[in-house]
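Please read the structure below before turning to the comments.
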Amino acid sequence: MSGLSLVFDTPQLAQDYELRSADRQFRHGKRLIAELGVRAGDHVLDVGSGTGLLAEHVAGLVGLTGKVLGIDPLPLRVEIAQQKAKANLSFQVGNAYALDGLPSGSFDVVYLNAVFHWLPEKTEPLRQIHRLLKPGGRIGLTTGAKDHPNRLQAIKREVLSREPYASYPESRDGTPHWVTAVELAGLLGGAGFTVQKIEAQENVHHQPDGRAAIAFSQASSFGNFLGHLPESLRSQAIEDIQRELEAFRTPEGIRLEGKRLFAIAHKPASH
Ligand SMILES: C[S@@+](CC[C@H](N)C(=O)[O-])C[C@H]1O[C@@H](n2cnc3c(N)ncnc32)[C@H](O)[C@@H]1O
């Protein structure tokens, strides 16, 4: 199981993600890393490392006595990440469903920043991560909250429920699989983790216009946002969504809000 449609990513979207994520996923990711208490000498696995911005930051924290490995199924994004590689930082094409090649008990920290909702089946990756962690090792993740979808996703869902778009149902592989805080606690506990914190955090940001909001989502979803529509209908759908987004214009731009789940857990030391 790969869990996502890889076919829509392009060099342009991958480059775009590098730029557009700096103020979003990267910023939230740094908060996650701070709460995980990553320190010098730690061995860290970044699952779904994208273009590698956060892993590069973590490599600075673990220093030369530590190590960071980033894996991601999108070759175009791994290619960009690899330009950041150095003695304690490496990247490879990989997948949360193919972690069995990595040795048990080899990581102090594993994190998934803005990745968990791209995993349709979450039990097996969590079980594997539990195996990969040393006793006492930590897992951290940020992901969208199912019960507080962001405004753009809600508008998109509404627009796509109408004709002519409704005749082209989205594939489950191309849509995010969000969880609630309760579901997340159950998943982490079920995989053997002790949950330290699960928080639903406000996720508010502004985009200059609807086009920028959609471009951000297209880069973040590797082209899956509307990627299932035929080319001719896609631009029409973008226009429809843009029009509805205008209702949320404020002096700072189009206000987009939702909630993000932020979770920290550890593998009990006695395991
Ligand atoms: C929004 S990006 C986040 C990238 C990076 N973690 C960051 O903080 O910028 C989501 C990433 O999840 C990755 N992803 C999707 N499905 C995955 C899977 N099955 N295993 C590992 N990574 C996956 C995508 O390839 C993409 O790079």
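The values are calculated or read from the model by the stated rules, or taken from the named source; none is laboratory data. None of the values given here were measured: they were computed from a predicted structure. Every residue, glycine among them, receives a Cβ derived from its backbone with ideal geometry; neighbour counts consider all protein chains shown. Quick note on the areas: whole protein, heavy atoms, side chains included, nothing else; ligands and nucleic acids left out. Shrake-Rupley method; radii C 1.70, N 1.55, O 1.52, S 1.80 Å.
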Between GLN83 and GLU252, the two model label points (7 Å from Cα along the beta-carbon direction) sit apart by a distance in nm of 3.1
Longest principal axis of the chain (C-alpha) makes with the long axis of helix 11-20 (C-alpha) an angle, in degrees to the nearest 10, of 80
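Can you tell me how much longer the chain between LEU19 and GLU121 gets when fully stretched, taken as 0.36 nm per residue apart minus their C-alpha distance, in nm with one decimal? Write out the running numbers ahead of the final one.
Working: separation 102, 0.36 × 102 = 36.72 nm, distance 2.94 nm.
Length difference between fully extended and current span is 33.8 nm.
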Answer in debye to the nearest 20: the dipole magnitude of region 11-93 about its Cα centre, from +1 Lys/Arg and -1 Asp/Glu charges placed on Cβ, is 180
Per the rule of 0.36 nm per residue minus the C-alpha distance, extending SER270 to TYR97 adds in nm 59.7 nm
Relative contact order in percent for region 169-261 (Cα pairs under 8 Å, 6+ apart) equals 41
Expressed in nanometres to one decimal, the distance between label points 7 Å along Cα→Cβ at LYS30 and ASP147 is 3.2
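Taking loop as defined by DSSP and a crowding limit of 16 other beta carbons within 10 Å, which GluC sites (Glu not before Pro) in region 75-180 fit? Spell out each step's value before the answer.
On the way: sites: GLU79, GLU121, GLU158, GLU170; in loops: GLU121, GLU170.
Listed in order of number, the matching sites are GLU121.
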When the charge dipole of region 1-113 is computed with +1 at the Cβ of Lys and Arg and -1 at the Cβ of Asp and Glu, the Cα pointing farthest to the positive end, of LEU74, VAL62, SER106, is that of VAL62
Given Cβ charges of +1 for Lys and Arg and -1 for Asp and Glu, the option among ALA166, GLY227, ILE264 whose Cα lies farthest towards the positive end of the dipole of region 160-271 is ILE264
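At 1.4 Å probe radius, can you tell me the per residue accessible area of region 206-271 in Å²? Intermediate values should be presented prior to the final figure.
Details: 2850 Å² over 66 residues.
I get 43 Å² per residue for this part.
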Expressed in square angstrom to the nearest 10, the accessible area of THR123 with a 1.4 Å probe stands at 50
Rounded to whole angstroms and listed largest first, the alpha-carbon spread of the chain along its three principal axes comes to 55, 39, 38
Once THR180 and ALA200 are pulled to full extension, the length gained, defined as 0.36 nm per residue separation minus their Cα-Cα distance, is 6.3 nm
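In debye to the nearest 20, how big a dipole does region 62-195 give about its Cα centre with +1 on each Lys and Arg Cβ and -1 on each Asp and Glu Cβ?
On the way: 15 positive and 12 negative charges, 77 e Å.
Around 360 debye, computed over region 62-195.
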Relative contact order as a percentage, the chain, C-alpha pairs under 8 Å and 6+ apart, gives 22
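Packing-wise, with mean Cβ within 10 Å as the measure, how do 45-51, 144-150 rank, highest first? Spell out each step's value before the answer.
Values: 45-51: 27.6, 144-150: 18.7.
Taking the mean over residues of other Cβ atoms within 10 Å, the ranking is 45-51, 144-150.
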Between the alpha carbon centres of region 211-253 and region 1-46 the gap in Å comes to 22
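Between rounded, prolate and oblate, where does region 22-110 land on the alpha carbon gyration tensor, with a ≥ b ≥ c its root eigenvalues, rounded for a/c under 1.5, else prolate if a/b exceeds b/c?
rounded
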With +1 on the Cβ of every Lys and Arg and -1 on the Cβ of every Asp and Glu, the dipole magnitude of region 127-250 about its Cα centre, in debye rounded to the nearest 20, is 640
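Note down the net charge around HIS266, summing +1 for each Lys or Arg and -1 for each Asp or Glu among other residues with Cβ under 11 Å from its Cβ. Spell out each step's value before the answer.
Values: positive: LYS134, ARG138, LYS197, LYS267; negative: ASP108.
My count for the surroundings of HIS266 gives +3.
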Given the candidates LEU141, LEU152, GLN207, the one whose Cα lies deepest towards the positive end of the charge dipole of the chain, counting +1 at each Lys or Arg C-beta and -1 at each Asp or Glu C-beta, is LEU141
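For the cross-link pairs LYS134/LYS259; LYS86/LYS122; LYS146/LYS197, which exceed 20 Å when the distance is taken from alpha carbon to alpha carbon?
Over 20 Å apart, Cα to Cα: LYS134/LYS259; LYS86/LYS122.
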Excluding ligands, DNA and RNA, the carbon-plus-sulfur percentage of the accessible area of the chain with a 1.4 Å probe reads 53
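For the chain, what is the mean residue ellipticity at 222 nm derived from helices alone (per DSSP H run of n ≥ 4: -39500 (n - 2.57); sum divided by total residues; nearest 500 deg cm²/dmol)? Could the numbers behind the result be given before it?
Numbers: 9 runs with 96 residues, N = 271.
For the chain, the value works out to -10500 deg cm²/dmol.
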